[in-house]
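To keep things clear, I will list the structure first and then write my remarks on it.
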Amino acid sequence: MASSIRVGVLGSQGKMGKKLVEFLRTSAPEGWVLSAEISRNENPAPLFECDLVIEFSSPDAVISTLRQATTAGNKSTAWVIASTGWKLDQRRELEEYAKKAWIVAGSNLSLSVIAFQTILKTAAPLMQSLGMLPVIVESHHNQKKDAPSGTAITLQRIVSPSGPGNVQTHSIRAGKIVGEHVVRFIGQNEEIVLSHRAEDRSIFASGAIRFGQWLLKEKQQKGEPAGLISVEKIGYNELL
Ligand SMILES: NC(=O)c1ccc[n+]([C@@H]2O[C@H](COP(=O)([O-])OP(=O)(O)OC[C@H]3O[C@@H](n4cnc5c(N)ncnc54)[C@H](OP(=O)(O)O)[C@@H]3O)[C@@H](O)[C@H]2O)c1
């Protein structure tokens with residue numbers, strides 16, 4: 001019988017962490033065992049005994065945990081990083097850590113959003129050739145800490161690779177909205193609108209698990225890590 005895969009969750013008491021724990025308890029892939037649930041003020045050491053950690057916490061929590069993993073001499077745990085709102089120096093530290101441990105990171109782990117991004121990569125040059133300029137409108141619940149959202153920042157890069165900072169982006173924070181991203185391509189006398197709306201957080205939990213499966217397979221096949229893997233760089237077909 002194949003040995004089990006020990007899975008840890010960082011940020012387990014948050015909105016996403018709770019959803020992920022519920023998902024892992026009810027519909028984890030075969031062989032996966034939920035082995036550690038770590039929240040604020042808890043010692044992260046049990047995570048370093050896991051084969052895979054999925055985190056939905058904050059960049060501060062991730063960096064602090066990875067520093068402790070380094071001190072503990074841990075390199076074997078693979079990490080799915082979902083938090084958004086990274087500062088440049090934190091992102092650099094994450095990239096540095098990814099030279100010695102397997103890490104995949106993404107601002108949006110819903111597979112439909114990855115498909116949405118794929119559509120936008122094709123659409124954007126077409127819209128540009130028609131003189132239609134992109135404007136992004138993203139909406140989230142009123143407790144979301146970062147704005148614009150990590151997904152909106154990724155979309156800026158996709159719709160305007162040479163000038164992501166110039167894409168007009170509007171953030172709405174209200175009520176309990178799980179997450180909506182609308183890309184409006186606006187011309188002189190017409191408009192094309194492409195959008196994605198998340199209705200339940202389970203889409204991010206199931207996506208995180210799918211990326212975790214992909215990462216463990218990659219680790220098994222390739223051995224040594226080759227730096228931070230961005231979810232947008234993974235071929236969509238590899239995930240299906
Ligand atoms: N990539 C994706 O697909 C995706 C999808 C959804 C959300 N996210 C991101 O995932 C993160 C979490 O989202 P959420 O909606 O679950 O937020 P949340 O409800 O605020 O949960 C975050 C959890 O992490 C804990 N935490 C935060 N900073 C910490 C620290 N420095 N040390 C230890 N624990 C810490 C929080 O504890 P306290 O409550 O005590 O602060 C909370 O339990 C956000 O960055 C969000 O943007 C990503």
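Model label sites at Arg173 and Asp60, defined 7 Å from Cα along the beta-carbon direction, differ in position by 1.5 nm. Label-to-label distance, Gln188 versus Lys99, with points set 7 angstrom from Cα along the beta-carbon direction: 5.2 nm.
Among beta bridges identified by DSSP and lying wholly in segment 56-204, the antiparallel ones come to about 60 percent.
Cα-based Rg of segment 56-99 per 2.2 N^0.38 Å, rounded to two decimals?
After normalising by residue count via 2.2 N^0.38 Å, the value is 1.08.
Which whole-number percent is the relative contact order of segment 104-204 (Cα, under 8 Å, 6+ apart)? Write down the numbers at each step before the final one.
Working: 159 pairs, mean separation 34.3, N = 101.
In percent, rounded to a whole number, it is 34.
Per-residue surface analysis assigns Arg67 an accessible area of about 130 Å², computed on protein heavy atoms at 1.4 Å probe radius.
Could you provide, to the nearest whole Å², the per residue accessible area of segment 52-153 with probe 1.4 Å? Don't jump to the answer; show the numbers that get you there.
On the way: 4480 Å² over 102 residues.
Counting only protein heavy atoms, the per-residue value for segment 52-153 is 44 Å².
Rolled with a 1.4 Å probe across the full set of protein chains, the surface gives Tyr236 an accessible area near 70 Å². If one computes the Cα centroid of segment 193-240 and of segment 107-121, what distance in Å separates the two points? Using only Cα atoms to place each centre, the spacing works out to 10 Å. Working note: Karplus 6.51/-1.76/1.60 with θ = phi - 60° gives segment 178-194 the couplings 5, x, 9, 10, 10, 10, 9, 9, 10, x, 5, 10, 7, 8, 10, 10, 10 Hz, where Gly and Pro are set to x.
Max-minus-min Cα coordinates of segment 111-198 on each principal axis give 38, 27, 22 Å, with the largest extent listed first. Rolling a 1.4 Å probe across all protein chains gives Asp60 an accessible area of roughly 100 Å².
What pairs in Lys18/Lys217; Lys99/Lys144; Lys145/Lys219 have C-alpha atoms more than 28 Å from each other? Flagged as over cut-off: Lys99/Lys144; Lys145/Lys219. Given in Å, the Rg to one decimal and the Dmax to the nearest whole number for the Cα atoms of the chain are 18.4, 64.
Residues whose amide H falls under 5 Å from that of Ile103, counting only those 5 or more places apart or on a different chain, are Trp79, Ile229, with hydrogens built in the peptide plane.
Share of carbon and sulfur in the accessible area of the chain stands at 49%, probe radius 1.4 Å. With R₀ set to 25 Å, the beta-carbon distance separating Thr122 from Leu88 gives a calculated FRET efficiency near 0.25. Compared with the alpha-carbon gap, the fully stretched path from Glu22 to Ala147 is longer by 42.3 nm at 0.36 nm per residue.
The values are calculated or read from the model by the stated rules, or taken from the named source; none is laboratory data. What you see is a predicted model; the values in this text were computed from it and never measured. So basically every Cβ, Gly included, is an ideal-geometry build from the backbone, and we count neighbours across all protein chains shown. To get the accessible areas, we keep the full protein, side chains included, count just its heavy atoms, and leave off ligands, DNA and RNA. Shrake-Rupley method; radii C 1.70, N 1.55, O 1.52, S 1.80 Å.
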